[in-house]
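As structure tokens, the structure follows; a few thoughts come after it.
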Amino acid sequence: MTISRGSTALLLLDLQRDFLDPDGVYARHGLPVHRLRGIIPVIARVTAASRTAHVPIFASKFTVYTSPGGAPLGLDHIVKARPFLRTTGFRLGDPGRELIPEVGRADYELDKPRFSAFHGTPLEVLLRSLEIDTVVLTGIVTHGGVEGTARDAMIRDFSVVILEDCVAAFDEELHLASLRGMGMYVTVMDAAAYLKALAQ
């Protein structure tokens, strides 16, 4: 696949301290963040090369908006899976909501209230304004935010690339099933292939 620098954007999906840090909210509640942390060095290389090639970098930050009383707004499906999110994690102003430092600065940061980085954010408007037609997806969680964003991108007629060694999930079986399913519709490649295509 050819990566065109003028029409490609890199998306960093939910690479946040609450998800990935050993002292983040997910680790504090017993989730195996080490499984996800393995992708960080690869994403750091991809991000650095993309930045050098002037590929726009977008970073979504999963955000829990709350009612005046502190209850999460519209996240019943996520709270069902992760009950601790009812009271903590990913709130505006929380250090844990910020991006991990390894990926560096993004050109555009998006507060993301749902799985897809398109839903409730200015992502599509910004991509269209930059004349982007291809999005390269990295981040977590494969069967959640990554797949949700990929499907919304396809619906909007963007070409989609998923870097298989730059996405991860807490459940390896769901991670692999998502990649297999999405591979029918989008381009799935590894970081080395992306970096090679970017250099050409």
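The values are calculated or read from the model by the stated rules, or taken from the named source; none is laboratory data. None of the values given here were measured: they were computed from a predicted structure. As a convention, Cβ positions derive from the backbone with ideal geometry for all residues, glycine included, and neighbour counts pool all protein chains shown.
Within region 119-150, take every residue that is closer than 22 Å to Ala81 by Cα and assigned to a loop (DSSP other than H, G, I, E, B) and give me the one that is farthest from the chain's Cα centre (by Cα).
The selected residue is Gly120.
Assuming Val160 fulfils every condition listed in (1) over 16 Å from the mean Cα position of the chain (by Cα); (2) outside any helix (DSSP H, G or I); (3) of a type in the set (A, V, I, L, M) apart from one, which condition is it?
Checking Val160 against (1) over 16 Å from the mean Cα position of the chain (by Cα); (2) outside any helix (DSSP H, G or I); (3) of a type in the set (A, V, I, L, M), the one that fails is (1).
Among Thr142, Thr149, Thr88, Thr138, which is the only one that is surrounded by fewer than 16 Cβ atoms within 10 Å (Cβ to Cβ), among the β-branched types (Val, Ile, Thr) and closer than 24 Å to Asp21 by Cα?
Of the residues listed, the single one that is surrounded by fewer than 16 Cβ atoms within 10 Å (Cβ to Cβ), among the β-branched types (Val, Ile, Thr) and closer than 24 Å to Asp21 by Cα is Thr88.
Those residues that are under 16 Å from the mean Cα position of the chain (by Cα), acidic (Asp, Glu) and in a loop (DSSP other than H, G, I, E, B), I need them from region 16-55; list them, please.
Result: Asp21, single match.
Checking the structure you have, find out if any residue of region 178-194 is in contact with a Cys (Cβ under 7 Å, 6 or more places away or on another chain), of a type outside the set (Asp, Glu) and at pLDDT 95 or above.
yes
Checking Asp157 against (1) of a type in the set (D, E, K, R); (2) in contact (Cβ under 8 Å) with a residue 40 or more places away in the chain; (3) surrounded by fewer than 16 Cβ atoms within 10 Å (Cβ to Cβ), only one condition comes out false. Which one?
(2)
What residue, among those in region 163-181 that are within 17 Å of Arg45 (Cα to Cα) and among the aliphatic types (A, V, I, L, M), is nearest to the chain's Cα centre (by Cα)?
Val167
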